[in-house]
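The values are calculated or read from the model by the stated rules, or taken from the named source; none is laboratory data. Computed from a prediction, not measured in an experiment: that's the story for all the values here. Note that we place each Cβ from the backbone using ideal geometry, even for glycine, and neighbour counts take in every protein chain shown. Heavy atoms of the whole protein, side chains included, go into the accessibility calculation; ligands, DNA and RNA do not. Shrake-Rupley method; radii C 1.70, N 1.55, O 1.52, S 1.80 Å.
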Amino acid sequence: MPAIIQLEDYCRTYRNGSLEVHAVRGVSLAIHAGEFVAVMGASGSGKSTMMNTIGCLDRPTSGRYLLDGVDVGALNRDELADLRNRKLGFVFQGFNLLARTSALENVELPILYCRPAVPVREQVRRALAALELVGLSDRADHYPNQLSGGQQQRVAIARALVNEPRVLLADEPTGNLDSRTSIEVMGVFQALNDRGITVVMVTHELDIASFAKRKVVMRDGLIRTDEPVSHRLHAPEALAKLEAEQKSVHLD
Amino acid sequence: MLAILKTALRAIRRNILRSFLTMLGIIVGIAAVIVGVSMGTGAKAEVDKQIASMGNNLLIVFSGNMSRGGVRGGFGMQPSLTERDYEALRREVSGVVGVSPEVRTTVHVAAGNQNSSVGVWGVSADFAEIRSWRFQSGENFTEVDVRTANKVCVIGKTTAATLFGEGADPVGQIIRIKNAPFTVVGWLAAKGANAFGQDQDDVILMPYTSAMKRLSGDTKFRAFSLATESAEVMGDVTNQIATLLRQLHQITPDKEDDFSIRSQQEMSDFANANNRIMTILIGAFAGISLVVGGIGIMNIMLVSVTERTREIGTRLAVGARARDVLRQFLTEAVLLSVVGGALGIAAGYWLAPLLTKFAGFPTLISNASVVLAFSVSAVIGIVFGFFPALKAANLDPIDALRYE
């Protein structure tokens, strides 16, 4: 089976005046359908650069990147935008929801840029279905400032899912969340992954990476380790454990 | 498209005060356009009405050459038009429905114990018809009255009111002009002020023969009034008159006319020249205001693009193309300026009648000026919104997403 994401000797070099910065210096990576990959690494390791390329926000300086069999390096700006729209869903650290815009309208955002255009009735139906998937269908008319951080991130996940993408890309999705809501969000990711959605997630927290199935560690623009997660955490159990710990703290 | 409009409306509502202040330049500019143009068209309509009240298809022949800046005496100051010219015009010019000579003098008029100083016009029996005078009561004097220099006259509304009291019918009364008794045979209907602001109703019309022999002693005319059969023949009639008068006055080809022929259109143009200057001036100020307003919109749109960089990044990430972002911000700018334009038009509709009421300017808001103002505001939005929108559309998605 061909990989959904296939990087072949991928390099990315930035030019800063006369200085060349080699952010990624030759990475080959294949991610198949149904995987849940955590990309780890210190800042400057090249993981964000690689995620930008995987997310079709950027193109490789050399090497190849095939997304679902399409060579991304050969596409222009508009074609990249269409690819992001149809095949990728983004979840950001800072949620990036539009303020003063209801959860439902936030989720509808990617549908607005579909070609051909989707009828309004269908837009609403799909956005509601996506909110249902993350358990927020009762908050459809809430504004972001009326939602908790965890709820906002779930709205953002619903937005990422609404066009039924091939891959869900998450950049530090728990970076702005406390440990409890982080586990809840991981629970959502695991549930979606169980339904067959491919997830690629950047994180620097080891325990968050343990919710994934596969762990890729980067350093100095290269992949250092690429292995299955040995002691995989499951969100419901982790949540129960956390609650028990918190209870014991209270009892003391 | 609906979603774009919704987002644009939301962005404008987000900071209503800022949006309103941004629009203010456009509002002022468009209101100035509406009011300015309404003053121009109002004044023109007024002038046209007054010119039309002078008669239909009217040609006036003045003695003296006016095209030379009045150096040669101007407005009939050096009368050169004679009885012989009059007879020749009547006989030989075709396409004319009426000709009247014109002498004027100001005289002292008395009736009963009332008296007044009034302008007397000595004219032919055709004159009332040529100049579209209607009769309130009585009738015009006749050809016979003209031939016999009869002591009859018709009097205007204002003169009648002065001499006999408001609303009293003067027909059949005797008035004394320079101590000679004249019988009033007709009472003219009111015409109002002329294009130059004079009251046309303070007037006495009488046979030119009577005026020349009994009152002024003039032997020449200051002007002829002619009515042509139609507007189309005016040019031809003008040429006939010029040729005939040059012949009669024995003017050699190297000399200039000692008379001037003016059509109603020319008189209207003359009277409207000032209005046009006023309209152009107001238009220039309005234009400057609109440019300033446009720059205001550009400024605030640039601020908006910077403020919403992360939003733009998010939109690009979920699949918006550059042109989607461009359209988004362009719509917002156009909406700002068009709403400003609409408010400006409303302000214009509110201000123009006030101007008429308190400053006495005639105003008339034409549909064309409203359409023009609205289009101009839309164009301003497109022109001044384009640069900020382009800036937004060309943002790099990665940089935009990371923008703090």
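Structure above, values below:
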| quantity | calculated |
| --- | --- |
| Extension reserve of the B:Glu139-B:Ala190 stretch, reckoned as 0.36 nm per residue once the Cα distance is removed | 16.9 nm |
| 1.4 Å probe accessible area per residue over region B:131-284, in Å² | 49 Å² |
| Nearest-10 value in Å² for the accessible area of A:Val21, using the 1.4 Å probe | 60 Å² |
| Farthest positive-ward along the protein assembly as shown dipole, Cα basis, beta-carbon charges - from A:His231, B:Gly348, B:Ser80 | A:His231 |
| A:Asp141 - accessible surface, heavy atoms, 1.4 Å probe, Å² rounded to 10 | 110 Å² |
| Protein-protein interface of region A:53-101, residues with accessible area decrease of at least 30 Å², isolated chain reference, 1.4 Å probe | A:Leu57, A:Arg77, A:Asp78, A:Ala81, A:Arg84, A:Phe92, A:Asn96, A:Leu98, A:Arg100 |
| Centroid-to-centroid separation of region B:220-239 and region A:65-88 [C-alpha atoms, Å] | 81 Å |
| Given B:Lys157/B:Lys178; B:Lys44/B:Lys213; B:Lys49/B:Lys357; B:Lys49/B:Lys178; B:Lys191/B:Lys255; A:Lys213/A:Lys241, the pairs whose alpha carbons are separated by over 30 Å | B:Lys44/B:Lys213; B:Lys49/B:Lys178; B:Lys191/B:Lys255 |
| Share of carbon and sulfur in the accessible heavy-atom surface of chain B [1.4 Å probe, %] | 60 percent |
| Cα gyration tensor shape of chain A, rounded if a/c is under 1.5, else prolate or oblate by comparing a/b with b/c | oblate |
| Local electrostatic count, B:Thr159, Cβ distance below 10 Å [Lys/Arg +1, Asp/Glu -1] | -2 |
| Percent of beta bridges antiparallel (DSSP, the protein assembly as shown, rounded to nearest 5) | 70 percent |
| Whole-number percent relative contact order across chain B, with pairs defined as alpha carbons under 8 Å at least 6 apart | 29 percent |
| Protein accessible surface hidden between A and B, which excludes ligands and nucleic acids, total in Å², probe 1.4 Å | 2300 Å² |
| Three-way shape call for region B:81-257 based on the alpha-carbon gyration tensor, with the a/c threshold at 1.5 | prolate |
| Solvent-accessible ranking of A:Ser248, B:Ser377, largest area first, probe 1.4 Å | A:Ser248, B:Ser377 |
| Of all accessible heavy-atom area on chain A, the percent that carbon and sulfur account for (1.4 Å) | 49 percent |
| Estimated dipole of region B:1-160 in Debye, rounded to 20 [Cβ of Lys and Arg +1, of Asp and Glu -1, Cα centre] | 1420 debye |
| Theoretical FRET efficiency, 1/(1+(r/R0)^6), r = Cβ-Cβ of B:Asn299 and B:Ser366, R0 41 Å, to 0.05 | 0.80 |
| Most mobile listed residue (A:Leu104, A:Leu136, A:Leu242) in chain A, GNM with C-alpha springs under 10 Å | A:Leu242 |
| Given charges at Cβ of Lys, Arg, Asp, Glu: region B:81-257 dipole, positive-most of B:Ser137, B:Thr219, B:Ala242 | B:Thr219 |
| Computed label-point distance, nm, for sites B:Met1 and A:His32 using a 7 Å Cα→Cβ extension | 4.8 nm |
| Full-extension gain in nm, B:Trp350 to B:Lys49, via 0.36 nm per residue minus C-alpha separation | 105.9 nm |
| Exposure rank, largest accessible area first [A:Thr53, B:Thr306, B:Thr105; 1.4 Å] | B:Thr306, B:Thr105, A:Thr53 |
| Exposure ranking of A:Lys247, A:Lys87, A:Lys213 by accessible area [1.4 Å probe, largest first] | A:Lys247, A:Lys213, A:Lys87 |
| Relative contact order for region B:81-257, counting Cα pairs under 8 Å that sit 6 or more residues apart, in percent | 32 percent |
| Mean residue ellipticity (222 nm) of the protein assembly as shown, computed from DSSP H runs ≥ 4 via -39,500 (n - 2.57), nearest 500 | -15500 deg cm²/dmol |
| Point-to-point label distance, B:Leu17-B:Thr106, nm (Cα→Cβ direction, 7 Å offset) | 6.3 nm |
| For chain B, built as a Gaussian network whose Cα springs stay under 10 Å, the top-fluctuating residue of B:Asn367, B:Asn56, B:Asn275 | B:Asn367 |
| For region A:21-147: accessible area per residue (Å², 1.4 Å) | 41 Å² |
| Separation of the B:Arg176 and B:Ser94 label points, Cα + 7 Å toward Cβ, nm | 5.3 nm |
| Occluded residues from region B:307-322, i.e. those whose accessible area drops by 50 Å² or more once the chain is not alone (1.4 Å probe) | B:Thr314, B:Arg315, B:Ala317, B:Val318, B:Gly319, B:Arg321 |
| Point-charge dipole on Cβ atoms (K/R +1, D/E -1) for region B:81-257, about Cα centre, debye to 20 | 660 debye |
